[in-house]
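**Q** Here you go, one structure.
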Amino acid sequence: MVDKVSKKELQRHHKHLEGIKKEVGKVIVGQHGVINCLLRSLLANGHVFVEGVPGIAKTLLIKTLAQVTGCKFNRIQFTVDLLPTDITGITSYNEKKGFYVVKGPIFSNFVIADEINRAPAKTQSALLESMAERQVTIGKRTFKLEEPFFVMATQNPIETTGTYPLPEAQVDRFLFKVMMDYPSIDEEEEVLGKNINLRNFEDFGIKSVTSPKEILAMQRFVKKIYLKDNIRRYIVAIVEATRDPKKYGIKLGRYVEWGASPRASIGLFIGAKTEALLNNRAFVTPQHVKDVAYDVLRHRLLLNYEGQAEQIKSDDIITEILSKVPVP
């Protein structure tokens, strides 16, 4: 299945990941599921879409993760007047220097696109093109983005005034969509003593426990995680159940207008491998697939008008799918 060298490499990478989580925990209270999702997305060389109310440490989380991994970090606050060039950069002119390029904030390892739905589609597309192509064209020159390159876009679910919802095809570009919820009572009590308003970020003593080079090595290693043919068929069956729910007896399937695309199958495939690495396993199990299914599928199930009227949640449909599709 895996040789001894791979097992040693597995242990080394898992140790790094545990170190990352421990350091992030110095600043971020709770939110273990969200932290795992960010790490999975980073390992899979993907991007993540986070939905959550203001004030639950979305920006602080990605800033902390960047610090721990030794990566550069930029934050872009999306507003209605934000232009594509405010993200990518511009070509400028100086009498002495001539034409030269001023690179935008997209040139970083970690980028947080804060409240991405507040900018119009043209500006959103500038970010999403960079995510997909891993390159930026400014004027007549094309620049490769730094590696690793990781985008976390956020959306506030409680305000719709002055927003531009992302088209489904654009949301589909994100590997995962994660819902960031309120902390528990005990966690919130802990937040009161650790919150960033009372202390400087430097006071937390965050150490860089890995490096961009090590992250790239982990991304390469994830591809080597063993995945059996029957797990492959299980992944395809889960995605097929979103398109043909009657075949699997999915009662809530009547609320699905469009099922998931093959990009969802790819997301489950690579996502399950990253989950295996996070659990110190050199092979994928059906449970690893289930553990990433919600984050991969929730933004890829498009509900019909009846489903929207009944306020059916994608997560409820995914739960039924996972309970009905036979586990190998």
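**Q** Given the criteria farther than 16 Å from GLY267 by Cα and either modelled with pLDDT of 90 or more or assigned by TED's automatic domain parsing to the domain that holds LYS207 (or both), does HIS32 qualify?
**A** When the stated conditions are applied, HIS32 passes them.
**Q** Give the stretch 245-289 a look and list any residue that's of a type in the set (A, V, I, L, M), closer than 15 Å to HIS13 by Cβ and in a loop (DSSP other than H, G, I, E, B), or say none.
**A** ALA282
**Q** Here is a further query. Has the stretch 36-44 got any residue that is touching a Lys or Arg at 6+ places or on another chain (Cβ under 7 Å), assigned to a loop (DSSP other than H, G, I, E, B) and either modelled with pLDDT of 85 or more or within 21 Å of GLN219 (Cβ to Cβ) (or both)?
**A** Checked the stretch 36-44: no residue is touching a Lys or Arg at 6+ places or on another chain (Cβ under 7 Å), assigned to a loop (DSSP other than H, G, I, E, B) and either modelled with pLDDT of 85 or more or within 21 Å of GLN219 (Cβ to Cβ) (or both).
**Q** Still on this structure: Restricting attention to the stretch 53-68, and to residues there that are out of contact with any Phe, Trp or Tyr (no Cβ under 9 Å at 6 or more places or on another chain) and of a type outside the set (S, T, N, Q), which single residue is modelled with the highest pLDDT?
**A** Here the residue is VAL68.
**Q** Quick one: which of LEU166, LEU127 is outside any strand (DSSP E or B) and either assigned by TED's automatic domain parsing to the domain that holds SER265 or over 21 Å from SER261 (Cα atoms) (or both)?
**A** Only one candidate passes the filter, namely LEU127.
**Q** Filter the stretch 205-223 for residues that are of a type outside the set (D, E, K, R) and either closer than 18 Å to ALA276 by Cα or assigned by TED's automatic domain parsing to the domain that holds ILE270 (or both) and give the result.
**A** Listed by number, the residues that qualify are ILE215, LEU216, ALA217, MET218, GLN219, PHE221, VAL222.
**Q** Could you check the stretch 18-39 and list, in sequence order, the residues that are over 21 Å from GLU189 (Cβ atoms) and in contact with an Asp or Glu (Cβ under 6 Å, 6 or more places away or on another chain)?
**A** Passing the criteria: only CYS37.
**Q** Which one is surrounded by the most Cβ atoms within 10 Å (Cβ to Cβ), of the residues in the stretch 270-310 that are of a type in the set (Lys, Arg) and farther than 15 Å from LEU227 by Cα?
**A** Here the answer is ARG300.
**Q** Related question: Scan VAL34, VAL29 and give me the residue that is crowded, with 22+ Cβ neighbours inside 10 Å, out of contact with any His (no Cβ under 8 Å at 6 or more places or on another chain) and farther than 29 Å from PHE143 by Cβ.
**A** Of VAL34, VAL29, the one residue that is crowded, with 22+ Cβ neighbours inside 10 Å, out of contact with any His (no Cβ under 8 Å at 6 or more places or on another chain) and farther than 29 Å from PHE143 by Cβ is VAL34.
**Q** Restricting to the stretch 291-314, name every residue that is assigned to a helix (DSSP H, G or I) and closer than 24 Å to ARG232 by Cβ.
**A** ASP291, VAL292, ALA293, TYR294, ASP295, VAL296, LEU297, SER314 - these are the residues of the stretch 291-314 that are assigned to a helix (DSSP H, G or I) and closer than 24 Å to ARG232 by Cβ.
**Q** Ok, one more. Quick one: ILE56 ticks every box in (1) touching a residue at least 40 places away in the same chain (Cβ under 8 Å); (2) over 25 Å from ARG298 (Cβ atoms) except a single one, so which number is it?
**A** Answer for ILE56: the failing condition is (2).
The values are calculated or read from the model by the stated rules, or taken from the named source; none is laboratory data. Please read all numbers here as calculations on a predicted model, not as lab measurements. Because the Cβ atoms are built from the backbone with ideal geometry, glycine has one as well, and the counts that use them run over all protein chains shown.
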